[in-house]
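The values are calculated or read from the model by the stated rules, or taken from the named source; none is laboratory data. Owing to the predicted nature of the structure, the values given are computational and were not obtained by experimental measurement. Cβ placement follows ideal geometry from the backbone for every residue including glycine, while neighbour counts extend to all protein chains displayed.
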Amino acid sequence: MNKDVVIVSAVRTPIGSFLGSLSNVSAVDLGAIAISGSLNKINISPEVVDEVLFGNVVQAGLGQAPARQAAIKAGIPNSVPCTTINKVCSSGMKSVMLAAQSISLGINDVVVAGGMENMSQIPHYINLRKPHKYGDKAMLDGLQHDGLTDVYCNQAMGVLGDKCASEYKFSREDQDNYAIQSYKRASNAWKENKFKEEVIPVEITLRNGKKVIIEEDEEFKNINFDKVSQLKPAFAKDGTVTAANASTLSDGASAIVLMSKEKCSELNLTPI
């Protein structure tokens, strides 16, 4: 008989702009902050966790097994199984799905799931494994090559976004209005403290050694609504995707604690 699954904690770091305030905090460290915050929020020990499933797409430069690194940094014992999930655009969601399935099937009682990415730190690549005897050697942008280019048609995701907008009749005005609405909703939510309970602050060190606490998302503060409709297409010349209405490049992490209903009752916790 399948077990009922509940969510008892859901947190995230602030979402930093590309090359912004969180650009020097690795994806692993952001993940660790989210995992630790998710457990601290409900006052349970890392020892209770049965498994960690964590999403991360562009893993170049992070070292082996990023999910395990983040879990160990968060204080979870190294005996706990950890798996890094790579499913472009939905790694974190897939992690939550797999976590819920494992609990429902009776494999686990407590699973931490989520995702982490620092797009600002994705490196450039150069293949020098074989001797390069003469001439220039080109570098690949890992963000573009492994993160934002469709491998089957070798086109940028933004180009395909233009094609989808055309196919499904989403006008430039539709997209601009949706983006403006989204930015305004985010701004209003912050003003009304609606994100306060879910965001785990991140401490960063500035070049002068000063410690600063980052507590809010960045990108919603960068928009100039007067310029949204004036921006040129970012990809195709006659396209509708722009720097304002496209998905943003960003840095951040989130974590969810899932439990069986029985374990939740045993620990005297309340499902969200």
field: Answer residue from segment 76-87, given it is in a loop (DSSP other than H, G, I, E, B) and without any contact (Cβ under 8 Å) to a residue 40 or more places away in the chain and is surrounded by the fewest Cβ atoms within 10 Å (Cβ to Cβ) among those
entry: Ser79
Pairs, first free of Cβ contacts under 8 Å to residues at least 12 places away in the same chain in segment 147-158, second part of a strand (DSSP E or B) and among the aliphatic types (A, V, I, L, M), C-beta under 7 Å, six or more apart: Leu148/Ala156; Thr149/Ala156
All positions within segment 122-165 that are assigned to a loop (DSSP other than H, G, I, E, B), polar (S, T, N, Q) and within 25 Å of the chain's Cα centre (by Cα): Asn154
- request: Scan segment 187-219 residue by residue and report those that are part of a loop (DSSP other than H, G, I, E, B) and in contact with a Ser or Thr (Cβ under 9 Å, 6 or more places away or on another chain).
  value: Glu198, Ile200, Pro201, Asp217, Glu218
field: Pair list, Cβ < 8 Å and 6+ apart or interchain, from segment 46-73 residues that are without any contact (Cβ under 8 Å) to a residue 24 or more places away in the chain and under 21 Å from Ser90 (Cα atoms) to residues that are of a type outside the set (A, V, I, L, M, F, W, C) and surrounded by 24 or more Cβ atoms within 10 Å (Cβ to Cβ)
entry: Ala65/Thr84; Arg68/Thr84
field: Any chance Lys196 is modelled with pLDDT under 95 and of a type in the set (D, E, K, R)
entry: yes
- prompt: Which is among the aromatic types (Phe, Trp, Tyr) and either farther than 26 Å from Pro233 by Cβ or surrounded by 12 or more Cβ atoms within 10 Å (Cβ to Cβ) (or both), of Tyr125, Tyr152?
  reply: Tyr125
query: Could we say that Glu198 is in contact (Cβ under 8 Å) with a residue 12 or more places away in the chain, out of contact with any strand residue (DSSP E or B) (no Cβ under 6 Å at 6 or more places or on another chain) and closer than 24 Å to Asp29 by Cβ here?
result: no
